[in-house]
Amino acid sequence: MEVNTRKALKGTVAALIASATLFGFAGLANAADGQGVEQLKEHGAAQRIAGVYGNATAKNVILFIGDGMGDSEITVARNYLHGVNGSFDGLDKIGQPNLNKGVETGTGQYTTFSLGNNSNDSLMAKDKSGKLTGSKTAGVITPVTDSSASGSGWATGTKTYNNAVDVDVEGNPQLNLIELAKAAGKATGNVTTAEIQDATPAVLESHSSERACYGPQGKWDGTDKNGDGVVDLKDAEAAGIGSCLSNQLKANGGIGSISEQLIDTRADVTIGGGAKYFNQLDQSGKTLWQDAADQGFQTVKSGDVDGFKNLGEANQDKPVLALLGDGNLPTQFNPSVATKQDPAKDANPTECTVNDKWLGKKGASLADFTSKAIDLLQNNKNGKDNGYFLQVEGASIDKQDHNANACGQIGETDDLDKAISAALGKIDLSDTLVIVTADHAHTSQIVESQPIYALSTVLKNRDGSKTTISYGTSEEDLYGNGTDTSNDVEGKADPSKAQGNMSHTGTQLRIAASGPGASRVDGLTDQTDNFYTIGHALGLATDKADQDRLSDGATVTAKDNKNQVFDIAGFNGDAVLRYELKDKDGKVVSASDASTPLSGLRVKTAGTTTLDLSKFITSDAQYTLTVTGQQSGKTVEIKDFAGPNGTEGNGAADVNPNGGAADNGKPVASGKVTAPKQNGVLGKTGATVLGVALLALALVAGGLAIKFAKSRDNA
Ligand code: MG
Ligand code: ZN
């Protein structure tokens, strides 16, 4: 009987804890062992410390990502640049409590696995007509991530497949930190040494089934593709759509490529490389550079360092798009060549030399970008009032590790370190959380002596000692060693171009932080926890229900009383909108394509999304328009409004009797979310109350069980 009672109690406690978990108290336990993809694919499901938060909040967050910067890459660079007992000025300061008196700090490690293997095998794989074909390997737990699955994890809190940019394993867009920071009224920035369309910056700009969907013509560089002497839409046609899912493209009713979505996302500050892809052409034949300028962007193009230096403001009226190189930006050091075992390398260890093309020589290093971004964000009104979120990436640690180019990766690590130092010189750690981490580990390993069977480089360290680095994930350097920093072979190896073929590795990574909320990175977390750490520090909507509520105030308003073109605002809990226009007989005359989760209108968060139906609203008769947020499910319906020449007298309902009446007294059609969808019968408050009650019960019951067990042990 005693045993039965205990069992029953244990069962009750387990049930209560399980219930409490549903309401967000999963932090009561470690991540469960052996969870499958069915669980892990859900938003937030891979967190290791779900729901565990301190009280600290930060006004600003700066996230530094060293792409491919595993512990080996940090140590290699420290040995070479500062000696084995030396320290980085910035990188080694973050998370170090003794160097940050009175400042909250944290240091831990995080896991980075993904949910599906590379590119063409993803769930979003498609046939030639663009139809989804599913996959053999997506939805499989994958211990080694790429930068896009990894970035989607830290930027959205959702685990996904390698090659996915802020979409889950089923292709559904997941809201990212820049969208959510904008929804909260904050200023935002995105800085990198890579092409701005590359995975790490892309996860703050876009939702794409394929990371290579750089522009409407894929990776076309905007040159005369058909050789007829002019660059026009015929070249775009010749270039094709590259790796883009065809139905994601605007021409096919989709939300657009990564570059186009960058313009829609409208961060206040965007700095990096990849300028040539903005030479691609939109549907009307305009370059994407022109589109950005038409949308009010201050544009700085490849090589215009003075233009970069002269940038004096950045805000939602005049955002900055500065792309200082055509491809990835040149690294600080000239490449070194990893070779097979050779005693001469020990006799004459490598010393890296400065690359003449490095933009740091002209005052446009990653540290300069970071200083500029912080200045612009601190002077921005939203930044001043509400704070900012800034991401800074040192991209070519990864890219040169792929190339077995030790000097390249070391110089890039040095650039990232100096960017951190530059930030520390401008910010106050009492109100700004700084996080430094990586997105995945990489190949380079520090070994005792040159291996027989792998490529290696021997470096002369600052302190006179030698570091021997093994590059052992590619059999040999098939393509000659890397000198081309514009060629990221990650997941896209093209033997005719690839210069190195080393691969990512899957070890857990260092994460360090200083500033309010920093201790949340302590111990072992997952990459997806980082989304919640940043989101919570900044007060962003991290949980799905909170994100859905961001669309409660959505409105749809005709631009004028012709009622043909509509301004859509307030769908801040959505990335994609669907719409449907019906005529007076209930016949659908225009609707968004619903063929993939990436069709529809791309939401301009905290801005205005335009829906032009002038081709379809042509008669005087009545129309009904519904606009639905694909993520939130919130709907705005405008019923029975009159077309361009209709008036109230012709039977059009006066949907807006007090607003917008113009010359003929006809209303401007408008609508808002009238009955916000509740998440579950209780809504959030109810769920929280029930959750707290259940937690209290669980604790009481748990206490009883422990007491009971104790007395039984004593017995
Ligand atoms: Mg990257
Ligand atoms: Zn890589």
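The values are calculated or read from the model by the stated rules, or taken from the named source; none is laboratory data. Note that the coordinates shown come from a computational prediction; the quantities given were computed from them, not determined experimentally. Neighbour counts run over all protein chains shown; Cβ positions are idealised from the backbone, glycine included. Heads up: the accessible areas ignore ligands, DNA and RNA and are worked out on the full protein's heavy atoms, side chains in. Shrake-Rupley method; radii C 1.70, N 1.55, O 1.52, S 1.80 Å.
Restricting attention to the stretch 143-197, the residues that are surrounded by fewer than 24 Cβ atoms within 10 Å (Cβ to Cβ) and not β-branched (Val, Ile, Thr) add up to 8. The condition of being of a type outside the set (Asp, Glu), assigned to a loop (DSSP other than H, G, I, E, B) and touching a residue at least 12 places away in the same chain (Cβ under 8 Å) holds for only one of THR542, THR533, THR525, that being THR542. Here is a check on your reading of the model: is ASP317 out of contact with any helix residue (DSSP H, G or I) (no Cβ under 8 Å at 6 or more places or on another chain) and either closer than 21 Å to GLY256 by Cα or open to solvent by 60 Å² or more (accessible area, probe 1.4 Å) (or both)? So ASP317 fits the description; yes. Could we say that SER444 is in contact with a helix residue (DSSP H, G or I) (Cβ under 8 Å, 6 or more places away or on another chain), more than 16 Å from ligand 1 (Cβ to nearest atom) and closer than 14 Å to ALA77 by Cβ here? So SER444 fits the description; yes. The residue that is most open to solvent (accessible area, probe 1.4 Å), counting only those in the stretch 77-100 that are of a type in the set (S, T, N, Q) and either within 16 Å of ligand 1 (Cβ to nearest atom) or in a helix (DSSP H, G or I) (or both), is ASN98. If the condition is being more than 23 Å from SER114 (Cα to Cα) and part of a loop (DSSP other than H, G, I, E, B), then the stretch 168-196 contributes ALA184, GLY185, LYS186. Determine whether the stretch 149-157 contains at least one residue that is away from ligand 1 (no atom under 16 Å from the Cβ), under 26 Å from MET69 (Cβ atoms) and in a loop (DSSP other than H, G, I, E, B). Checked the stretch 149-157: at least one residue is away from ligand 1 (no atom under 16 Å from the Cβ), under 26 Å from MET69 (Cβ atoms) and in a loop (DSSP other than H, G, I, E, B).
Restricting the stretch 341-357 to residues that are of a type outside the set (Ser, Thr, Tyr) and in contact with a helix residue (DSSP H, G or I) (Cβ under 8 Å, 6 or more places away or on another chain), the residue that is most open to solvent (accessible area, probe 1.4 Å) is VAL354. Checking each residue in the stretch 41-76 for being more than 16 Å from ligand 1 (Cβ to nearest atom) and part of a strand (DSSP E or B) picks out ASN60, VAL61, ILE62. Candidates LEU376, LEU416: the one that is within 16 Å of ligand 1 (Cβ to nearest atom) and touching a Leu at 6+ places or on another chain (Cβ under 7 Å) is LEU416. Quick check: anything in the stretch 229-243 away from ligand 1 (no atom under 16 Å from the Cβ), touching a helix residue (DSSP H, G or I) at 6+ places or on another chain (Cβ under 6 Å) and open to solvent by less than 20 Å² (accessible area, probe 1.4 Å)? Looking for residues that are away from ligand 1 (no atom under 16 Å from the Cβ), touching a helix residue (DSSP H, G or I) at 6+ places or on another chain (Cβ under 6 Å) and open to solvent by less than 20 Å² (accessible area, probe 1.4 Å), one finds none in the stretch 229-243, hence no. Taken together, ALA364, ALA322 contain a single residue that is under 33 Å from the mean Cα position of the chain (by Cα) and part of a strand (DSSP E or B), which is ALA322. Condition check: among the β-branched types (Val, Ile, Thr), touching a residue at least 24 places away in the same chain (Cβ under 8 Å) and open to solvent by 30 Å² or more (accessible area, probe 1.4 Å). Does VAL103 satisfy that? Taking the combined requirement at face value, the residue satisfies it.
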